[in-house]
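See below for the structure under consideration.
The values are calculated or read from the model by the stated rules, or taken from the named source; none is laboratory data. Everything numeric in this text was worked out from a predicted model, so none of it was measured. Please note: Cβ atoms are built from the backbone with ideal geometry, for glycine as well, and neighbour counts cover all protein chains shown.
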Amino acid sequence: MKLIAVIAGMALACGLAVAKDATAEIKVKGMTCGSCVATVKKALTATKGVKDADVSLEKGTATVVYEDSQVTEKQLADAIKKTGFEAQPGKTGK
Ligand SMILES: [Cu+2]
């Protein structure tokens, strides 16, 4: 019955690959140093549904990988706003 276990495992892996991850690029205004970046990143990664957050000081953006069934782009922007910075949801990619 080893073969069945292998097939079941493959089916499971495929199911996980299908689970939707969305990427949001949010404009963040007001960051001036590495500490600001860390604050924004921390707020994002602490938000439910967020898998990864990459904050750029030079570009003034936060690139967030999140599960769109758990959190919306607006909620991500709100999480940033709570830290005292201005946030504007931008384009969404896959
Ligand atoms: Cu700062």
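For Ala53, state whether it is within 13 Å of the ligand (Cβ to nearest atom), over 12 Å from Lys81 (Cα atoms) and either more than 9 Å from the chain's Cα centre (by Cα) or among the hydrophobic types (A, V, I, L, M, F, W, C) (or both). Judged against the criteria, Ala53 is not a match.
The set of residues in region 50-94 being touching a Phe, Trp or Tyr at 6+ places or on another chain (Cβ under 7 Å) and either without any contact (Cβ under 8 Å) to a residue 24 or more places away in the chain or closer than 16 Å to Lys29 by Cβ (or both) consists of Leu76 alone.
A quick yes/no check of all residues on (1) crowded, with 17+ Cβ neighbours inside 10 Å; (2) in a helix (DSSP H, G or I); (3) at pLDDT below 95:
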position: Ala43; (1), (2), (3): yes, yes, no
position: Lys48; (1), (2), (3): no, no, no
position: Asp54; (1), (2), (3): no, no, no
position: Lys59; (1), (2), (3): no, no, no
position: Tyr66; (1), (2), (3): yes, no, no
position: Val71; (1), (2), (3): yes, no, no
position: Gln75; (1), (2), (3): no, yes, no
position: Gly84; (1), (2), (3): no, no, no
position: Thr92; (1), (2), (3): no, no, yes
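Listed here are the residues, each with its yes/no results for (1) over 9 Å from the mean Cα position of the chain (by Cα); (2) within 14 Å of the ligand (Cβ to nearest atom).
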position	(1), (2)
Lys41	yes, yes
Gly49	no, no
Leu57	yes, yes
Gly60	yes, yes
Glu67	no, no
Thr72	yes, no
Gly84	yes, yes
Gln88	yes, no
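Within region 1-34, being surrounded by 10 or more Cβ atoms within 10 Å (Cβ to Cβ) and at pLDDT 95 or above holds for Ala22, Thr23, Ala24, Glu25, Ile26, Lys27, Val28, Lys29, Gly30, Met31, Gly34.
Within region 18-43, residues that are in contact (Cβ under 8 Å) with a residue 40 or more places away in the chain have Cβ atoms under 7 Å from residues that are aromatic (Phe, Trp, Tyr) and away from the ligand (no atom under 14 Å from the Cβ) in these pairs: Ala22/Tyr66; Ala24/Tyr66, counting only partners at least 6 apart in sequence or on another chain. Looking across region 49-90, the residues that are among the charged types (D, E, K, R) and farther than 20 Å from Lys20 by Cβ come down to Glu58, Lys59, Asp78, Lys81, Lys82, Glu86.
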